[in-house]
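Inspection log for the structure reproduced underneath, given as structure tokens.
None of the figures in this text is laboratory data; all of them are computed from the coordinates on show. Everything quoted here is computed from the prediction, not taken from an experiment. As a convention, Cβ positions derive from the backbone with ideal geometry for all residues, glycine included, and neighbour counts pool all protein chains shown.
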Number of protein chains: 2
Amino acid sequence: MSKSTVVQEVEAANAQYAGRFGEKLSKLPIPPARKFAILTCMDARMHASKLFGLEEGDAHIIRNAGGRASDDAIRSLVISYKLLGTKEFFVVHHTNCGMVTFNNGVMAGLLANSLETAVHDGTAWKDVGQGPGSAEAAKIDWLTFTDDRQAVIDDVKKVRNHPLVPKSIPVYGYLYDVRTGKLEEIAEATEIGKAA
Amino acid sequence: MSKSTVVQEVEAANAQYAGRFGEKLSKLPIPPARKFAILTCMDARMHASKLFGLEEGDAHIIRNAGGRASDDAIRSLVISYKLLGTKEFFVVHHTNCGMVTFNNGVMAGLLANSLETAVHDGTAWKDVGQGPGSAEAAKIDWLTFTDDRQAVIDDVKKVRNHPLVPKSIPVYGYLYDVRTGKLEEIAEATEIGKAA
């Protein structure tokens, strides 16, 4: 099977990176040097290392659709502090997130119709694909939200109140503006997430 | 409350980034330009944008402890292709992963004892913290593994066989070597993940 353009580009970029990979990087230990973890969105516009100022070895980065404090994100945060020594957590969502454009019912409907990419006409999602789809989508909580600031507050609260997250770890809440590149602290979230 | 050193550093790095954030970046659309998504580990040594060659707007990046194909990672991958048009998926684990150093029983035991960071003495994890801990950890599957190559194969298989992942999307399997910076394709995984 011939490799796709994307695979060829990724492999070429990686060969360049590996070619300049020095001894210092090869000896980095597993625990993050700067002892913090960030939970944020998978959004392609968020260049995590640039926007937070991270180099190899600095911090754990956990990403999912929406940057939500899902059970899996909590699993990752607990491993981060319990085994690898992080002492501060950031929850960072962003403006113009795709997660506000649908809800569980919309997603279940689209996927029941087909497994092809839907289109958004500026008002609503429309499925243009050919079936078959799958009823499996109706069993999933897609973790959408309607207000980006409130979602930061909700997720900081969920991490703060989780029985496996120690009260000594502060949980900060931020919203990243994809139009300006700026992080804005959501003070109400950080207040909720403060260490005891 | 005064800000921690980490918060001050992150905010300063972000202010620098936002200061050079140009008009082009401010207008990036939500769908990833290069139409692919990567599922990988939260490990601090993996500088995703450098090692895969990614700029702002290129690709979705999903990260959790181990880069596992958890239900939450599948949720994110489905949103990625169904609403945002990605057409290829990468599953990338790495060498020297912390996930091979424990299992569900070890983690439940450590967390039942305390919510402080444990230490690894080269042979096993030891809890040195003061209680109280929490029995909640025994309810969680920590998604550990014992063989890094097999874990890539297992996760590609899980994504490939998920009823909400279309057969038209190839799922590639790679192992990243944290000592050399090199991505190695796990041919057996990519073969399992090939598009139909």
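Rounded to the nearest 20 debye, the dipole size of segment A:69-151 about its Cα centre is 280 debye, using +1 on the Cβ of Lys and Arg and -1 on the Cβ of Asp and Glu. Phi-derived couplings, Karplus 6.51 cos²θ - 1.76 cosθ + 1.60 at θ = phi - 60°, listed residue by residue for segment A:179-194: 8, 10, x, 8, 8, 10, 6, 8, 4, 5, 5, 4, 5, 5, x, 4 Hz, with x used for Gly and Pro. Taking label points 7 Å from Cα along the Cα-to-Cβ direction, B:ASP121 and A:ALA187 give a separation of 4.9 nm.
Using alpha carbon coordinates only, what is the Rg to Rh ratio of segment A:2-56, with Rh defined as the Kirkwood radius? All intermediate terms of the calculation are to be shown ahead of the outcome.
Working: Rg = 14.6 Å, Rh = 14.1 Å.
Here Rg/Rh amounts to 1.04.
Between A:THR101 and A:THR5, what is the spin-label point distance in nm, taking each point 7 Å from the Cα along the Cα→C-beta axis? About 2.2 nm, to one decimal.
Under 5 Å from the amide H of A:MET42 lie the amide H atoms of A:ASN64, A:ALA65, A:GLY66, A:GLY67, each residue being 5 or more positions distant or on a separate chain, with H modelled from the backbone and absent for Pro and chain starts. Shown in residue order for segment A:107-114 are the 3J(HN,Hα) couplings computed by the Karplus curve 6.51 cos²θ - 1.76 cosθ + 1.60 at θ = phi - 60°: 5, 4, x, 4, 6, 5, 7, 6 Hz (x for Gly and Pro).
Given +1 at the Cβ of Lys and Arg, -1 at the Cβ of Asp and Glu and no other charges, the dipole of segment B:1-130 around its Cα centre is 500 debye to the nearest 20.
Placing dummy labels 7 Å off each Cα toward the beta-carbon, the span from B:GLU55 to A:VAL128 is 2.7 nm. Close lysine pairs were tallied over segment B:1-105: pairs 8 or more places apart or on different chains with Cα atoms under 22 Å apart number 7. Using a ≥ b ≥ c from the Cα gyration tensor of the protein assembly as shown (square roots of the eigenvalues), is it rounded, prolate or oblate, where a/c under 1.5 gives rounded and otherwise the larger of a/b and b/c decides, a/b for prolate? Note, shape of the protein assembly as shown comes out rounded.
Can you compute the charge dipole magnitude of the protein assembly as shown about its Cα centre, using +1 on each Lys and Arg Cβ and -1 on each Asp and Glu Cβ, nothing else charged? Give it in debye, rounded to the nearest 20. Each step should come with its number before you reach the end.
Numbers: 46 positive and 48 negative charges, 52 e Å.
That gives the protein assembly as shown a dipole magnitude of about 260 debye.
Close amide H partners of A:HIS94, meaning residues 5 or more places away or on another chain with modelled amide H under 5 Å apart, are A:TYR176. What residue among B:SER4, A:GLY109, B:GLY85 has its Cα farthest toward the positive end of the dipole of the protein assembly as shown, where the charges are +1 on Lys, Arg and -1 on Asp, Glu, each on the Cβ? Final value for the positive-end residue is B:SER4. For segment A:145-162, 3J(HN,Hα) computed residue by residue from phi via the Karplus equation (6.51, -1.76, 1.60; θ = phi - 60°) reads 8, 10, 9, 5, 5, 5, 5, 5, 4, 4, 6, 4, 4, 5, 5, 4, 8, 5 Hz, glycine and proline entered as x.
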